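One structure is given below, encoded as structure tokens.
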Amino acid sequence: MKLALIGFGQAGGKIVDEFLAFDEQIDGGFVEAAIAVNSATVDLQGLENVPQENRVLVGQARVKGHGVGADNELGAEVTEADIDEIQGAIDKVPVHEIDAFLIAAGMGGGTGSGGAPVLAKHLNRIYTEPVYGLGILPGTDEGGIYTLNAARSFQTFVREVDNLLVFDNDAWRSAGESVEGGYDRINKEIVERFGLLFAAGEVGHDDDVAESVVDSSEIINTLDSGISTIGYARETVDSDDGLLSSFRGEETFDEGEATNRMTSLVRKATLGRMTLPCDVSSADRGLVVATGPAEHLNRKGVERGRQWLEDETASMEIRGGDYPMSDRDEVGAIVLLSGVTDIPRVDQLQQVAIEAQETTETVKANAQDEFASLVDTGGELDALF
């Protein structure tokens with residue numbers, strides 16, 4: 001699946017930067033173009049892989065390259081004002097060669113959470129290709145303003161994109177981990193899961209061909225609407241364990257073991273830590289992708305895993321396929337669940353945001369009253385003018 005990636009804000013830019021590195025590492029071929037948009041000059045300068053000419057600074061007239069200070073209303077305003085600057089970078093993208101746009105943004109800050117929905121609306125108005133969002137939810141310990149930003153951005157972003165893929169930082173932060181180290185690790189987790197999904201189906205001249213190809217239409221049909229989450233499980237395999245012999249007609253291949261392994265991985269991916277924890281049964285659609293060396297991929301295992309997921313979701317729209325990766329010593333299963341609706345984290349986010357908004361309004365009102373009281377001298381002092 002060929003994507004035009006647009007990283008919006010600090011978090012979004014870093015994720016797109018990481019996507020470029022991962023695409024090159026696995027020779028995936030899913031990144032057709034990559035653009036980074038920000039209101040802070042220093043964040044754009046800190047990127048390593050996004051081409052310099054594809055880094056777009058917005059809000060220069062308003063914030064002078066210093067960012068919007070977690071004000072996502074301002075982030076939305078400067079994006080709207082400078083949308084032509086962003087469109088200028090998108091005009092260089094060979095849109096006829098891409099399958100979709102993917103806008104990545106952290107939803108707790110200012111530039112990304114405010115600007116990403118504005119850009120999504122703009123792209124959907126101009127192009128026929130799907131526009132997907134990749135939204136990163138802040139941790140609950142990051143503060144009320146970030147939670148409020150995320151809740152408002154979420155509500156807007158999900159309405160403007162064809163599907164919102166979500167990653168919840170709260171479910172992935174490790175105790176005692178530094179903020180910088182935590183985000184670096186989390187970005188790698190995000191990119192590996194989503195990168196393997198989008199790379200499936202991209203076949204190079206020297207690649208193994210999948211038994212059941214996962215092409216872009218499979219992914220697009222799964223990402224038809226709503227909110228999505230991804231699970232991933234993997235297991236190291238021994239390249240000399242005899243599975244290859246099945247293609248040579250030898251007796252050492254244990255098809256039952258390979259089938260059980262793949263079925264088990266699908267279950268682990270589904271029931272383990274998803275990018276956004278949810279009730280699996282609330283999903284409308286799903287996609288199972290097996291990854292790893294071709295000789296270790298078992299079609300019967302993929303089919304059984306797909307059938308199991310069909311039972312778990314009570315959905316008839318569960319697709320499946322494999323993505324051979326000859327240079328890996330791991331077999332993995334990616335499970336994409338789309339159209340999920342039972343998401344405790346989102347319910348919690350919205351409730352905390354409502355409380356934070358009420359508290360903020362109360363504090364502002366009290367502050368105004370207290371300031372008025374502070375400077376009120378009962379007419380005994382006159383101001384200079």
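The residues of the chain expose, per residue, 46 Å² of accessible area to a 1.4 Å probe.
Calculate, in whole percent, how much of the Cα-Cα pair population of the chain lies beyond 37 Å. Of the Cα pairs, 26 percent sit more than 37 Å apart.
The distance between label points at ILE126 and ASP141 comes to 4.1 nm (points 7 Å beyond Cα on the Cα→Cβ vector). Compared with the dominant Cα axis of the chain, that is its longest principal axis, helix 144-160 is turned about 60°. Normalised by the number of residues in the chain, the mean separation of alpha-carbon contacts (under 8 Å, six or more apart) gives a relative contact order of 15 percent. Measuring nothing but protein heavy atoms, the accessible surface of the chain at 1.4 Å probe radius is 46 percent carbon and sulfur. Taking a point 7 Å out from the Cα of SER217 in the direction of its Cβ, the residues of the stretch 86-105 whose backbone N falls within less than 18 Å of it are 97-100.
As a rough guide to protection, the peptides 37-47, 102-112, 129-139 ranked by mean Cβ packing within 10 Å, highest first, stand as 102-112, 129-139, 37-47. When both the stretch 1-42 and the stretch 364-379 are represented by their alpha-carbon centers, they are found 49 Å apart. By the Cα gyration tensor, the stretch 37-86 has an equivalent ellipsoid whose semi-axes, rounded to whole angstrom, run 18, 12, 8 from largest to smallest.
How large is the charge dipole for the stretch 14-63, taken about the Cα centre, if only the Cβ atoms of Lys, Arg (+1) and Asp, Glu (-1) carry charge, to the nearest 20 debye?
400
Calculate the translational D of the stretch 36-151 in whole µm² s⁻¹ from Stokes-Einstein, where the hydrodynamic radius comes from the Kirkwood formula applied to all Cα pairs, the temperature is 4 °C and the viscosity 1.567 mPa s. Before the final figure, lay out the partial values.
Details: Rh = 14.6 Å.
Roughly 89 µm²/s, to the nearest whole number.
The values are calculated or read from the model by the stated rules, or taken from the named source; none is laboratory data. Quantities reported herein were computed from a predicted structural model and do not represent experimental measurements. With ideal geometry, Cβ positions are generated from the backbone for all residues, glycine too; neighbour counts draw on all protein chains shown. Only protein heavy atoms, including side chains, enter the accessible area calculation; ligands, DNA and RNA are left aside. Shrake-Rupley method; radii C 1.70, N 1.55, O 1.52, S 1.80 Å.
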